[in-house]
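Everything on this sheet refers to the single structure shown next.
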Amino acid sequence: MTVLLLAGTGEARGLAPRLAGRAIASLAGATRTPADLELPTRVGGFGGVAGLCAYIAETGITRIIDATHPFAAQMTDHAAQAARATGTPLLILRRPGWRAGPGDRWHWVDDLGRVGALTGPDATLFLATGRQSLAAFSALPNQLWCRVIDPPGGPFPGRGGWIEGRPPFSVADEIALFQRLGIDWLVTKNSGGEAPVSKLVAARDLGLPVVIQRRPPLPPGITRVRTPEEALAWLDPA
Ligand code: NAP
């Protein structure tokens, strides 16, 4: 059995070493210094569905585990199409989404284009939505602070700047950062996960409102699990 592990998440990092000897990991190449997955790892796009189908055939892939980010919708869609076309069993490993608790002031949106209407033009926004989402905010007059793992070269497109940082962050550090920057709203995606998330706890503790983007839907008819243990059970049923 040769497993193709579509990676780029903590779940993939948790699963990868447990697939030693029978898997190839794949990264998009979005992060300059990705964590070592302890597996042979290829980097970069496959070249769409056709490229992925060809890769599956050439490499003798017999199972695919899509452990990409909940918002990597294109990769997930391509994996579903290629799995169908090549008859390769596919599993989606996706962490559960977050749910608001007491004290949270969350505003759900499908589209980040709604953010300006919710926050108003004078609010200072902390964008934890990744650099790829920045285009959704480029027309806003707001002061914007966008957190990235690798700061892109070139000037920040708008008022504000990049905040460089690699998770995890402590709640105390998030509170200090939001206070230092004078943040009025946190903007994030429903990336999800089991652990309490420090930026959301910090927003709650500070009484800050949050805009949270709903996840894109999963392709229909594909088994989805939430943990690396469940993924291993799918590969090796008892
Ligand atoms: P995307 O929009 O769904 O994918 C765009 C293209 O990037 C895909 O069509 C594919 O290119 C390539 N690609 C994506 N993931 C790949 C992988 N694991 N291995 C090989 N090629 C991959 O994805 P994205 O939002 O740009 O995210 C890129 C990667 O960063 C994903 O692997 C994801 O897990 C990770 N990530 C994303 C986010 C987020 O918020 N979107 C957050 C954290 C981590 P081809 O069509 O050429 O095959």
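Rounded to the nearest 5, what % of DSSP beta bridges with both residues in region 108-208 are antiparallel?
Numbers: 0 of 13 bridges.
Bridges in region 108-208 are about 0 percent antiparallel.
Tell me, what % of the accessible area of the chain is carbon and sulfur with a 1.4 angstrom probe? It would help to have the intermediate numbers written out before the result.
On the way: 6000 of 11440 Å².
Answer for the chain is 52 percent, counting heavy atoms of protein chains only.
In Å², what does the accessible area per residue of region 113-207 work out to with a 1.4 Å probe? Display every interim value, and only then the final one.
Working: 4540 Å² over 95 residues.
Spelled out: the 1.4 Å probe surface of region 113-207, per residue, equals 48 Å².
From Cα coordinates alone, what are the radius of gyration and Dmax values for region 1-159 in angstrom?
18.7, 56
To the nearest 500 deg cm²/dmol, what mean residue ellipticity at 222 nm is calculated for the chain from DSSP H runs of n ≥ 4 alone, each contributing -39,500 (n - 2.57), summed and divided by the residues?
Numbers: 7 runs with 65 residues, N = 238.
Value at 222 nm, helices only: -8000 deg cm²/dmol.
Can you give me the distance in nm between label points at R159 and R18, each placed 7 Å from the Cα along the Cα-to-Cβ direction?
That separation, rounded to one decimal, is 4.8 nm.
Just how far, in whole angstrom, is region 1-74 from region 96-130 if you go by their alpha carbon centroids?
Between the Cα centres of region 96-130 and region 1-74 lies a distance of 31 Å.
Which value, in Å to one decimal place, does the Kirkwood hydrodynamic radius take for region 40-128 when every pair of different Cα atoms is included? Walk me through the intermediate numbers first.
Values: mean 1/r = 0.0613 Å⁻¹.
Radius from the Kirkwood sum: 16.3 Å.
For region 53-105, what are Rg and Dmax over the alpha carbons, in angstrom?
Reported Rg and Dmax, both Å: 15.4, 53.
Show me, for region 205-210, the HN-Hα J-couplings you get by feeding each phi into the Karplus relation (A = 6.51, B = -1.76, C = 1.60, θ = phi - 60°), rounded to Hz, glycine and proline as x.
Rounded to whole hertz, the list is 4, 8, x, 7, x, 10.
Express the C-alpha Rg of region 115-181 as a ratio against the empirical globular expectation 2.2 N^0.38 Å, rounded to two decimals. Before the final figure, lay out the partial values.
Working: Rg = 12.0 Å, N = 67, 2.2 N^0.38 = 10.9 Å.
The reported ratio for this selection is 1.10.
Over the Cα atoms of region 93-238, compute the convex hull volume and normalise it per residue, giving Å³.
Working: hull volume 20.4 nm³, N = 146.
About 140 Å³ per residue, rounded to a whole number.
Run the numbers on region 185-234 and let me know its relative contact order in percent, using alpha-carbon pairs under 8 Å that are six or more apart.
Working: 28 pairs, mean separation 21.8, N = 50.
It rounds to 44 percent for region 185-234.
Report, to the nearest 10°, how far helix 73-86 tilts away from the longest principal axis of the Cα atoms in the chain, using its own Cα long axis and a range of 0 to 90°.
10
What is the chain's relative contact order, in percent, from Cα pairs under 8 angstrom and six or more apart in sequence? Walk me through the numbers before you get to the answer.
Numbers: 416 pairs, mean separation 51.2, N = 238.
RCO, the chain: 22 percent.
What angle, in degrees between 0 and 90 and rounded to the nearest 10, separates the Cα long axis of helix 171-181 from the longest principal axis of the Cα atoms of the chain?
50
Out of region 159-238, which GluC sites (Glu not before Pro) are coil in DSSP terms and have no more than 12 other C-beta atoms within 10 Å? Provide the component values of the computation, followed by the final result.
On the way: sites: E164, E174, E194, E229, E230; in loops: E194.
Counting only loop positions with at most 12 other Cβ atoms within 10 Å, the GluC sites (Glu not before Pro) in region 159-238 are E194.
The values are calculated or read from the model by the stated rules, or taken from the named source; none is laboratory data. Please read all numbers here as calculations on a predicted model, not as lab measurements. Backbone-built Cβ (ideal geometry, glycine too); neighbour counts: all protein chains shown. Protein only, heavy atoms only, side chains kept; ligands, DNA and RNA dropped before computing areas. Shrake-Rupley method; radii C 1.70, N 1.55, O 1.52, S 1.80 Å.
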